[in-house]
1. Identify, please: which residue in the range 105-138 is under 23 Å from residue 178 (Cα atoms) and of a type in the set (Val, Ile, Thr) and is, among those, surrounded by the fewest Cβ atoms within 10 Å (Cβ to Cβ)?
2. Restricting to the range 67-113, give me the number of residues that are closer than 22 Å to residue 359 by Cα and either over 18 Å from the mean Cα position of the chain (by Cα) or of a type in the set (Val, Ile, Thr) (or both).
3. Hey, any hits in the range 194-206 for a residue that's out of contact with any Gly (no Cβ under 8 Å at 6 or more places or on another chain), under 17 Å from residue 114 (Cβ atoms) and surrounded by 15 or more Cβ atoms within 10 Å (Cβ to Cβ)?
4. Given the criteria over 20 Å from residue 238 (Cα atoms) and modelled with pLDDT of 95 or more, does residue 295 qualify?
5. So, of the residues in the range 236-260 that are touching a residue at least 60 places away in the same chain (Cβ under 8 Å) and in a loop (DSSP other than H, G, I, E, B), which turns out to be farthest from residue 216 (Cα to Cα)?
6. Checking residue 170 against (1) within 30 Å of residue 294 (Cβ to Cβ); (2) open to solvent by 40 Å² or more (accessible area, probe 1.4 Å): exactly one of these is not met. Which one?
7. Considering only the range 58-142, give the strands (runs of 3 or more DSSP E) lying wholly within it that have at least 2 residues that are of a type in the set (Lys, Arg).
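The values are calculated or read from the model by the stated rules, or taken from the named source; none is laboratory data. A quick note: this is a predicted structure, and the numbers were derived from the prediction, not measured. Every residue, glycine as well, gets a Cβ built from its backbone with ideal geometry; the counts of neighbours run over all protein chains shown. Ligands, DNA and RNA are stripped out before the accessible areas are found, and what is left, the full protein with its side chains, is counted by its heavy atoms. Shrake-Rupley method; radii C 1.70, N 1.55, O 1.52, S 1.80 Å.
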Amino acid sequence: MNKITRNKMKIKLKTPLLVLSSMFIFGAAIITTLNSDVLAESSKSDNSLSSSASNAANQKAIDAAKSKIEEFTGNSPSLFVSKKDGSTSILKTNKNKSDEIFVSSKGIVTYVSLTVKYEELGEVKLKEQLDKAWQLTFPEVHEPLEYVRIRLFEGFPVEVRASNSKGMIALKDGKLEYGVQYANEKEIPSAALKAADQVFNNIGKGVRKTDRKLKVIIIRPGEPAVYGFEYNTNKGKISVEIEENSLQPLSVLLWDIVSPYKNKNLSEKEYKAEQKKLNSLNVKTLAKTAQKEAKALMNLDLSGYSAEKYKHSNETLVFTKKGAPEVHAGFTSAGTFGSFTIKKHKVIVLLDKEFIDPIKP
């Protein structure tokens, strides 16, 4: 076999190897491509199933929320799932930023905070309850209600408040708890103004009045009205409540004047130090100081009362006496007192916007 023949044989042998090698590589590429396509399709399918399940869960939450709202208002508003908190869906309405509805993964509505116009209420039980409560509280005021706020916490009574420019009413499980009348000082007896000023003048401590305002008249079913005053002073705000007819001071709040950490956000270290001081204060010493200050401020005689720290707060002293309403006295870590309240009424109404201000969306 000559040299030329041997070279031809080599060429013939090499060619099939190259072809086979190319086919193997090309085949692997096809297999790889096929596998990638299969995985992509599988991923798309999984994402589609996940999205479908999420949409179904959202719709379940929306349906549950709509049903609960319709029960109260007679209407079914437009809702959307704003976010998730664990297994809880948090829904919002398109009307008010403050509206929120919480729905559990089981479709149970656990929280509602909803503000609606009174005129948008359907012929539902709530509207009937509001009309009755308003008539009972303000029989001579015929101005229609403007806004209604509904609050629901799972396991607790449903709270509803409604207002207009003249006043506000608060219901719990459909029953009237209290109303507040928006009035000016010319509409109440001058004796009530003098009684409030007397309490203010008893404060002393270099406190000077810049102005006085009748915040509200608190009206509880079957009980005397209470006038709620707010004083602006050179050292902060002071609140005084005077009972109608008896002109007895029922409450004095002067935390702005006595609180050592007014307008200050305490660090964890400072908070622990304050708590340690509060817990170390002697009840007998506190009671003696409270008796003296209550007498001076409100002409309230606490002699013969027993005193102990309130079980729900380590900065409140509770005075009790058979046949007399409790008296709660709030104190600071320095042992000074920032509030005195005679618990003459079952329903507590704080002179705070959450309790007395007109309802707004």
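1. 124
2. The number of residues fulfilling the criteria is 17.
3. no
4. Answer is no for this residue.
5. Within the range 236-260, the match that is farthest from residue 216 (Cα to Cα) is 260.
6. (2)
7. 79-85
Results for (1) loosely packed, with under 15 Cβ neighbours inside 10 Å; (2) more than 30 Å from residue 117 (Cα to Cα); (3) among the aliphatic types (A, V, I, L, M); (4) at pLDDT 90 or above, shown as yes or no for each residue.
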{"residue": "39", "(1), (2), (3), (4)": "yes, yes, yes, no"}
{"residue": "59", "(1), (2), (3), (4)": "yes, no, no, yes"}
{"residue": "63", "(1), (2), (3), (4)": "yes, no, no, yes"}
{"residue": "69", "(1), (2), (3), (4)": "no, no, yes, yes"}
{"residue": "72", "(1), (2), (3), (4)": "no, no, no, yes"}
{"residue": "77", "(1), (2), (3), (4)": "no, no, no, no"}
